[in-house]
Ligand SMILES: Nc1ncnc2c1ncn2[C@@H]1O[C@H](COP(=O)(O)OP(=O)(O)O)[C@@H](O)[C@H]1O
Ligand SMILES: [Mg+2]
C-alpha cells in the first residue's frame, strides 16, 4: 500500500504540492486527473525521488517504508517505477545494455543472481513482441530517434521487464495515436494483478477507457480535491475542470 499524507513540496521557492493526501491499495489502479499545472508530474517525481524538490512536510510510505528517506535507486529497488511524461534520449547508451543493467541492478538489490545473457534476451524479446517493439528499435541507442509513441512503448517495456511493485505512468497517452495507445494499455493491463498497484496520471479520460481504473482522484492546486470511482472520469470529461480551478483558488 502506498500512503501519502499531507505532502507539501516546493521547488525554487515555488510551492507546488499543498497538503496532498492519497492512499493506493495493493492491486489498485488509481487514476490522477487534473488541469495542467496542478502538480501531477511533480507528485510523480517526488515519489520517484527526483532531486531539486524540497519536501516541507508530510510523508510517503510504501508498505510502511518511508520513501522520503531513501535514495532514488533504493526506491527503484523497493519497486517504485516511473514512466516519464517526456522520456529522455540517451545517445551512446545502447538500449539492450541499458535494459540489462537496469534489470541486473534491481536483481542485485533483491539478492538475486544476474541474468545470463540468453535468459535476458529471451525475456526482452517476449516482452518487446507484445508491445510491437522491433529488433531495430532495440538495436538503437536508448530512445534516440524514437517517435513519441515508440518512447512511451519503451517505458512500458522497461516496466514489464522490471516487474515493479508500484508503477507510475505520467501522461502515457500524450503523443500516442489510438493504435499505440491500445498497445500501451494492453501492456499495462497485462501487468495488473497481485499486489502491484498503479498511479495513472492523465488529463484526458480516453486512456481510462483502456486502462480502467479502480479509483479516480482529481488534483487541483497541489492537492487531491475529490475522489471517486471510474465514473468520476466521465463526469470530468463532460464538465471539464472549471469547478475545481475555482475551488482550489
Ligand atoms: N523546476 C520548476 N521550477 C519552477 N516551477 C516549476 C518547476 N517545475 C514545475 N513547476 C511548476 O509547478 C506547477 C506544477 O507543474 P507540474 O507538476 O508539471 O503540473 P502538471 O503535471 O499537473 O501539469 C506548474 O505551475 C509548473 O510551472
Ligand atoms: Mg505533467
Among (1) within 16 Å of ligand 2 (Cβ to nearest atom); (2) more than 26 Å from residue 144 (Cβ to Cβ); (3) in contact with a strand residue (DSSP E or B) (Cβ under 9 Å, 6 or more places away or on another chain); (4) in contact (Cβ under 8 Å) with a residue 40 or more places away in the chain - the single one residue 36 does not satisfy: (3)
Residue count, the range 216-233 (criterion: more than 16 Å from ligand 1 (Cβ to nearest atom) and surrounded by fewer than 19 Cβ atoms within 10 Å (Cβ to Cβ)): 5
Leading residue by the ranking (modelled with the lowest pLDDT) among those in the range 148-185 that are assigned to a loop (DSSP other than H, G, I, E, B) and closer than 25 Å to residue 37 by Cα: 175
Residues that are more than 13 Å from residue 73 (Cα to Cα) and under 19 Å from the mean Cα position of the chain (by Cα), drawn from the range 97-112: 98, 99
Given (1) touching a strand residue (DSSP E or B) at 6+ places or on another chain (Cβ under 8 Å); (2) within 16 Å of ligand 2 (Cβ to nearest atom); (3) not in a helix (DSSP H, G or I), index of the condition residue 93 fails: (2)
Qualifying positions in the range 21-33 - buried (at least 21 other Cβ atoms within 10 Å of the Cβ) and without any contact (Cβ under 8 Å) to a residue 40 or more places away in the chain: none
Candidate set from the range 208-219 (those that are outside any loop (DSSP other than H, G, I, E, B) and in contact with a strand residue (DSSP E or B) (Cβ under 7 Å, 6 or more places away or on another chain)); member that is farthest from residue 239 (Cα to Cα): 215
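The values are calculated or read from the model by the stated rules, or taken from the named source; none is laboratory data. This is a predicted model, so every value here is computed, not measured. Neighbour counts are summed over all protein chains in view; Cβ atoms, including those assigned to glycine, are modelled from backbone coordinates with ideal geometry.
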